Amino acid sequence: MTTPTSFTRPEVEQRINELLGQMTLEEKIGQMNQELPHAPPQLDALRAGSVGLLITEVTALAGAGVDAAPEVRAEICNDLQRVAVTESRLGIPILFGRDVIHGYRTVFPIPLGMAATWSPQRMEQASAVAAAEASAAGVKWTFAPMLDIARDPRWGRIAESPGEDPFLGSALARAAVRGFQGDDFSRPDKLAACAKHYAGYGAAEGGRDYNFVDVSMRTLRDVYLPPFRAAVEAGAATLMSGFHDYSGVPVAANRTLLTDILRAEWGFQGFVVSDWNAIHELVVHGVAADDAEAAAKAVIAGVDMDMIAGVYPGQLAQQVRNGHMPLSVIDEAARRILRVKCLAGLFDQPYTDPDRAARVILAPEHRALARQIAQESCVLLKNADGLLPLKADSPFKRIAVFGPLAHGRSELLGTWTLDGRGEDVTSIADAIRQEAPKHFEIVTPSTLPDEALYHMLMGVDLVVLVMGEHPRRSSEAASVSSLELPAGQRQMIESVCDAGVPVVLGVLAGHPLAIKREVDLAQVVLYAWHPGTEGGYAIADLLFGKAAPSGRLPVTMPRATGQVPIYYNHRNTGRPAANRGDSSRYIDLPIAPLFPFGFGLGYTTFAYSDLRVIKRGASVEINAQVTNTGASAGIETVQLYVRDVVASVTRPVKELKGFQRLSLQPGETQRARFALSAQDLMFTGLDDRPVFEPGAFHVWVGSHSADCVRAAGAQGEFEL
């Protein structure tokens, strides 16, 4: 079994012990206190050693576009750090934190879009770029990766998540931690990662942000915890506890999650920070009578650091002095925080080179990577008659590009982009005009009255309609009750289609939207999420065949909002879905999704054959042939799904257990290979503990999760 990365080093522990021996109680609690840096009185707090970390933001909703986050620069951080290091009694440096979620100044696709690449390599590369740029500005700690599995797409923060699957989410978690931290996050170009929001936050009832979560411990362990465990095993320095109430106990006071599982089972040695004001909110939840009780419950549960609430510095010292709180609890929390500061290299190099930002931020190679990842994140959902890509011999010579987001710039960046700037972005309309080969004429009207629109359509061969959501519609505190496109957009599509002009529909969104009518109307549907700084150019590249789409859905796309929550790895029922009255179904809507998890088209086609299942002792190898049956090169994301046929508890109808991205030339065949062991097939048993039960398993290798149903991919079975 994989073991977590050890943070314990003799020289580090010696340094921490020496510091703890010199620190007053107030100074120890000060290390457990995170504050805002912008208020002048904070200088006195730094001198007094009563602040351990600074969050370089203004409000909890900075990333949702509600309030602008102040710019952070190395010079600003160095000035504050100098006060802490040279004017406080012990000279303990400050750790500067910021939400660097999917890029710093170079913004990559939203995390849900990053997940659509199905590429841990790309996630690691993007996280490394974010670390290099943010650290050049003085930031040494990022509140990422966000690892909340989300099965209800009404939840606004699904835009920040890795999607609905724990296996894919775990692979991306490991990659993000590696990218942010590398093998040594004391390096100047690395950050300490913070896996959030531990745990189950994505299961908020009704898809409503901040709502309570009430899922079984079995579901929590099998679905929502695996990405966090993967992050811990990859060496994540910190975790953030969620706002929410899990099964009646808010996470900020949940010792089962924060101590019994996270530390005792998983061996986590970093520190846990609360989410914004979450410790005070224990009073609002109704599990603490006042801040004193909230502070006690949180620190005993395992929350080492208080973000913004000011509850720890206001309450803990008195509780220790009156005997209600053991000093050992404070010592251990301070130890964990000091450990991360030591491993981040802050005691040896507390300052940031102010000249590095000009060399690193928005570097050409960073923008080139952002363009490539944006290309690979776009999911082609429909391409009737092979309309795309547009080549020299295409009959569509005069192309109109318009729609509510066609000229958007900052809108391409998506949620939680504190440092991305619209001025760095080229709109989709402008990028298409710039990148179009010379034999195409591109028309990019900004606004047209109905009559002018009709006459314009009579003179063009093809329309590229850019629709979707503003980022504020898919972010924190931005859950929705309907997954349809915003008002008026469907009517615009219908009007264009009524004119008889073929439509390429580009959708920018942070949710998987219910767009069945739009898919039926358009000839081409390209789901681009919010694609980041280089998203306009990436879409132009795909349109004209300079790149081929290879994105795959990391979430199930519903036909209608009434289907949610909807996800592929559901459990079976005693009356499985069928075309009869006594089965699990709707009478007014098919239960099948609009597009299944893992789905995505390219500019070529692939076929699967010759599945082989080979027992090798206590493991099994599964391999199958994949052939490019089309006329152009392409990337196929080969997916392995398994079903445990009989177990002591009901099991999912299928579970993703492996994936590979294969690059194939026309006519080329490669063999995709996967290995499974008993550990890969474990689940949470009757006693809520991990177990492997020998028996029969079904296996499929195919292009998406519905291949298991349609039997289009290679199929087999084995016993282990």
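Just subtract the alpha-carbon distance of Phe718 and Val443 from 0.36 nm times their residue separation and send over the number in nm, one decimal.
Working: separation 275, 0.36 × 275 = 99.00 nm, distance 5.72 nm.
Computed gain between Phe718 and Val443 is 93.3 nm.
For Arg47 and Ser609, FRET efficiency with R0 = 45 Å and r from the beta-carbon atoms, rounded to 0.05?
E(calc), rounded to 0.05, equals 0.05.
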Mean residue ellipticity at 222 nm from the helices of the chain, using -39,500 (n - 2.57) per DSSP H segment of n ≥ 4 over the full residue count, to the nearest 500 deg cm²/dmol? -8000 deg cm²/dmol
Virtual spin-label span in nm between Leu327 and Asp520, 7 Å along Cα→Cβ: 7.3 nm
Here are some pairs, Lys615/Lys654; Lys615/Lys657; Lys140/Lys196; Lys546/Lys657; Lys341/Lys657; which of them have Cα atoms lying more than 26 Å apart in this structure? Lys546/Lys657; Lys341/Lys657
Label-to-label distance, nm, for residues given as Glu71 and Glu18 (7 Å Cα→Cβ offset): 4.0 nm
For an R0 of 51 angstrom, estimate the FRET efficiency from the Cβ-Cβ distance between Ala631 and Arg575 and round to the nearest 0.05. 0.70
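Counting Lys +1, Arg +1, Asp -1, Glu -1, what net charge surrounds Arg409 among other residues with beta carbon under 13 Å of its beta carbon?
Value of the local net charge: -4.
Just to confirm a number: summing +1 for Lys and Arg and -1 for Asp and Glu over residues other than Ala294 whose beta-carbon lies under 11 angstrom from that of Ala294, what do you get? Provide the component values of the computation, followed by the final result.
Values: positive: Lys297; negative: Glu281, Asp290, Asp291, Glu293, Asp306.
Its environment carries a net charge of -4.
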Under the 0.36 nm per residue contour assumption, what length would be gained going from the current alpha-carbon distance of Ser6 and Ala647 to full extension? 227.3 nm
Once phi is turned into ³J(HN,Hα) by the Karplus curve 6.51 cos²θ - 1.76 cosθ + 1.60 with θ = phi - 60°, what whole-Hz value does each residue of region 212-225 show in order, with x for glycine and proline? 6, 10, 9, 10, 5, 4, 5, 5, 4, 5, 7, 10, 9, 7
Residue by residue, what Karplus-based ³J(HN,Hα) values in Hz, rounded to whole numbers, does region 657-663 have, using 6.51, -1.76 and 1.60 with θ = phi - 60° and x for Gly and Pro? 10, x, 7, 9, 9, 10, 9
Can you work out ³J(HN,Hα) from phi for every residue in region 19-27, in order, using Karplus 6.51 cos²θ - 1.76 cosθ + 1.60 and θ = phi - 60°, giving whole Hz and x for Gly and Pro? 5, 4, x, 9, 7, 6, 4, 5, 5
Using amide H atoms built in the peptide plane, which far-off residues or other-chain residues are under 5 Å from Val464 H to H? Ala400, Val401, Phe402, Val504
What distance in nm lies between label points placed 7 Å from Cα along the C-beta direction at His455 and Asp189? 5.6 nm
For Ala618 and Asp348, what is the calculated FRET efficiency with R₀ set at 56 Å and r taken between the beta-carbons, to the nearest 0.05? 0.75
Fewest first, what order do Met307, Met325, Met217 take by the number of other Cβ atoms within 10 Å? Met217, Met325, Met307
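Every number in this text was worked out from the coordinates using simple rules, so none of it is lab data. It should be emphasised that the depicted structure is a prediction, and the values quoted were computed from it without experimental measurement. For neighbour counting, all protein chains shown are included, and Cβ atoms are generated from backbone atoms with ideal geometry for every residue, glycine included.
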